[in-house]
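Accompanying notes for the structure given below.
Only the coordinates and a few stated rules stand behind these numbers; no lab work does. Keep in mind it's a predicted model, so treat the numbers as computed, not measured. Cβ placement follows ideal geometry from the backbone for every residue including glycine, while neighbour counts extend to all protein chains displayed.
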Amino acid sequence: MNKKTIKDIELKNKKVLVRCDFNVPMDSEKNITDNTRIVAAIPTIKYLLENNCAIILCSHLGRPKGEVKPEFSLKPVAKELSKLLNQEIIMANDVIGEDAKEKAKNLQQGKIMLLENVRFHKEETDNDAEFSKQLASMAEIYVNDAFGAAHRAHASTAGVAEYLPAVSGFLIEKELKFLGNALNNPERPFVAIMGGAKVSDKIGVIDSLIEKVDTLIIGGGMAYTFFKAQGYEVGNSICENDKLDLAKQAMKKAEEKGVKLMLPIDTKIGKEFKPDTESKTVSWTEIPEGWEGFDIGEKSIKRFEEEIRKAKTVVWNGPLGLFEFDQFAIGTNSIAKVLSEIDATTIIGGGDSAAAVRKAGLEDTMTHISTGGGASLEFLEGKKLPGIECLMQQ
């Protein structure tokens, strides 16, 4: 993964196309409710400004499916960027149309423009060669800084690299450094914590991590598939009956490799899927009919905490319970808290686990919080990411 970054290329006075990940949540009034991804792009943008570049930013937002839909416009992002950088952001009304091309042509050094949502064109997700070429024609250098979209082979993440010298920004450089070091050269003991609802989403990652970690902790909804694979009833808990063999294989592989695979030993169960449902904690082997597992229990929390405190590297992906409901957020919050206290490299793999850490107000205590849920999962699984592969080698 030894890829060139913006520091390895002559940028002075150049026109640069930067792919960012501005796919941010907004409320019904189009106010951005979490600007983390926009803030994450600022170091790269500032470095380009220091080098007197003319900067053309592009991103997707949501899933407009190749149609122009005003509710997916990037205009609120331009407004937020302008506030963060204390500088005007020139907003293009299209992506490769007359307005964008005219504004790009006249863009002065030290100025920034933002193209409209690239996914207003289906050619973006098709990685259409002509669309990529038109996009690339507006600039002299391409910088990918959208780790959250790096696992997609789209025109703005990979296609444009066919037509321009392509390097990474600081965000992708940071992601590769922390995720890459954890996988290839971790300080040990190396503990991975896998949560989330489905085994099917994570089985490739689990399989890959068993080759690398000392301890693998499994929680969240997918733990119930592992319980069922051992012959225990799980009541109404989420369970993938077609994945029982995969769970058995993972347990067998961990045993063969000498990896400690830890599952919850107790679970907090509820009667119904609602915040104030009746709840109680039971042993993992005694989930009654009609009840559903929503969190790890106190004994599991204590056991997991003891293991995590010994760690020198921890990668965590996926919440350990239904953290959106306060009474079932205890397991996830407890693990976030212990991670914030240990002297170790702590890497949070994006998505819901990142949201849980932020909700607990502990983001500043983690070594690295990935900006890409899907991308970080595929990276941990050892897959090649098209948005990284296309960049120039050192």
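Testing the spin-label approximation: label points 7 Å from Cα along Cα→Cβ at ASP34 and LYS310. State their distance in nm.
Placing both labels 7 Å beyond Cα along the Cβ direction yields 3.3 nm.
Between ASP207 and THR281, what is the spin-label point distance in nm, taking each point 7 Å from the Cα along the Cα→C-beta axis?
3.5
With r as the distance between the Cβ atoms of MET26 and ASP94 and R0 = 30 Å, compute the FRET efficiency 1/(1 + (r/R0)^6) and round to 0.05.
With a Förster radius of 30 Å, E is 0.90.
Any chance you could run the full-extension gain for LYS46 through ASP343? It's 0.36 nm times the residue separation minus the Cα-Cα distance, nm to one decimal.
103.8 nm
Which one, ASN127, ASN51, ASN184, has the greatest fluctuation when you compute a Gaussian network model over the chain with C-alpha springs under 10 angstrom?
Judging by the Gaussian network model, the answer is ASN184.
With axes computed from alpha carbons, what is the tilt in degrees of helix 244-257 against the longest principal axis of the chain, rounded to the nearest 10 within 0 to 90?
It works out to around 90 degrees.
If one computes the Cα centroid of the range 212-250 and of the range 125-157, what distance in Å separates the two points?
39
If the cut-off is a Cα-Cα distance under 14 Å, which aspartates and glutamates reach LYS12, setting aside same-chain residues fewer than 8 apart in sequence?
GLU50, GLU140
How do LEU320, LEU74, LEU135 rank when sorted from fewest to most other Cβ atoms within 10 Å of their own Cβ?
LEU74, LEU135, LEU320
Can you compute the FRET efficiency between GLN108 and THR365 using 1/(1 + (r/R0)^6), with r the Cβ-Cβ distance and R0 = 45 Å? Round to the nearest 0.05.
Once rounded, the FRET efficiency stands at 0.60.
Which lysines, on any chain, are close to LYS252 with Cα under 22 Å apart, when same-chain ones fewer than 8 places away are left out?
The reachable lysines, counting only those whose Cα sits under 22 Å from LYS252, are LYS198, LYS202, LYS212, LYS228, LYS243, LYS260.
Compare SER28, SER334, SER353 in a GNM of the chain, Cα atoms joined below 10 Å, and give the one with the largest fluctuation.
Highest fluctuation among the options: SER28.
What order do you get for 211-218, 141-148 when each peptide is scored by the mean count of other beta carbon atoms within 10 Å, highest first?
141-148, 211-218
In the range 178-380, if the dipole is taken from +1 on Lys/Arg beta carbons and -1 on Asp/Glu beta carbons about the Cα centre, which of GLY372, ALA182, GLY321 is farthest to the positive end?
Positive-most Cα among the choices belongs to ALA182.
How far apart, in nm, are two points set 7 Å out from the Cα along the Cα-to-Cβ line at LYS101 and at GLU140?
2.1
Give the cross-link partners of LYS122 among the lysines, using a straight C-alpha distance below 21 Å as the criterion and excluding same-chain residues fewer than 8 apart.
By straight Cα distance, LYS122 reaches LYS65, LYS69, LYS75, LYS101, LYS133.
Taking neighbour Cβ counts within 10 Å as the exposure measure, how do MET138, MET26, MET194 sort from fewest upward?
Result, fewest neighbours first: MET26, MET138, MET194.
What are the ³J(HN,Hα) values, in whole Hz, obtained from phi via the Karplus relation 6.51 cos²θ - 1.76 cosθ + 1.60 with θ = phi - 60°, for each residue of the range 281-291 in sequence order, with x given for Gly and Pro?
Computed from phi, the couplings for the range 281-291 are 10, 10, 5, 5, 8, 10, 7, x, 4, x, 9 Hz.
At q = 0.12, 0.13, 0.14 Å⁻¹, what is the base-10 log of I(q)/I(0) for the range 6-171 according to the Debye formula with one equal point scatterer per Cα and no solvent? Please give it to two decimals.
Each listed q maps to, in turn, -0.45, -0.53, -0.63.
Expressed as a whole number of Å, what is the distance separating the alpha-carbon centroids of the range 309-379 and the range 1-60?
With the range 1-60 and the range 309-379 each reduced to a Cα centre, they are spaced 25 Å.
Seen from all sides and averaged, what is the projected area of the convex hull of the Cα atoms in the range 193-345, in nm²?
Mean shadow area of the hull around the Cα atoms is 8.2 nm².
Express in nm, to one decimal, how much length is gained between GLN327 and GLU130 on full extension, taking 0.36 nm for each residue of separation and deducting their alpha carbon distance.
65.7 nm
Compute the length gained on full extension between ARG188 and LYS79: take 0.36 nm times their separation in residues and subtract their Cα-Cα distance, giving the result in nm to one decimal.
Using 0.36 nm per residue and subtracting the Cα-Cα distance, I get 34.8 nm.
Taking the Cα centre of the range 6-171 as the origin and placing charges on Cβ (Lys, Arg +1; Asp, Glu -1), which of PRO76, VAL95, ILE112 is farthest toward the positive end of the dipole?
Checking the options against the dipole of the range 6-171, the answer is ILE112.
Based on the Cβ-Cβ distance from TYR232 to GLU389, what FRET efficiency comes out when R0 is 45 Å, to the nearest 0.05?
E between TYR232 and GLU389, to the nearest 0.05, is 0.60.
Suppose every Lys and Arg Cβ carries +1 and every Asp and Glu Cβ carries -1, with no other charges. What dipole size does the range 6-171 come out with about its Cα centre, to the nearest 20 debye?
In total the dipole reaches around 300 debye.
Could you grab the relative contact order for the chain? Cα pairs under 8 Å, six or more apart, rounded to a whole percent.
Answer for the chain is 16 percent.
When the chain is modelled as a GNM with alpha-carbon springs shorter than 10 Å, which of GLY321, GLY169, GLY382 fluctuates the most?
Highest fluctuation of the listed residues: GLY382.
Evaluate the charge dipole of the chain about its Cα centre and quote only its size in Debye, nearest 20, assuming +1 on the Cβ of each Lys and Arg and -1 on the Cβ of each Asp and Glu.
880
Quick check on the exposure proxy: order ASP352, ASP99, ASP295, ASP364 from fewest to most C-beta atoms within 10 angstrom.
Least crowded to most crowded, the residues run ASP364, ASP99, ASP352, ASP295.
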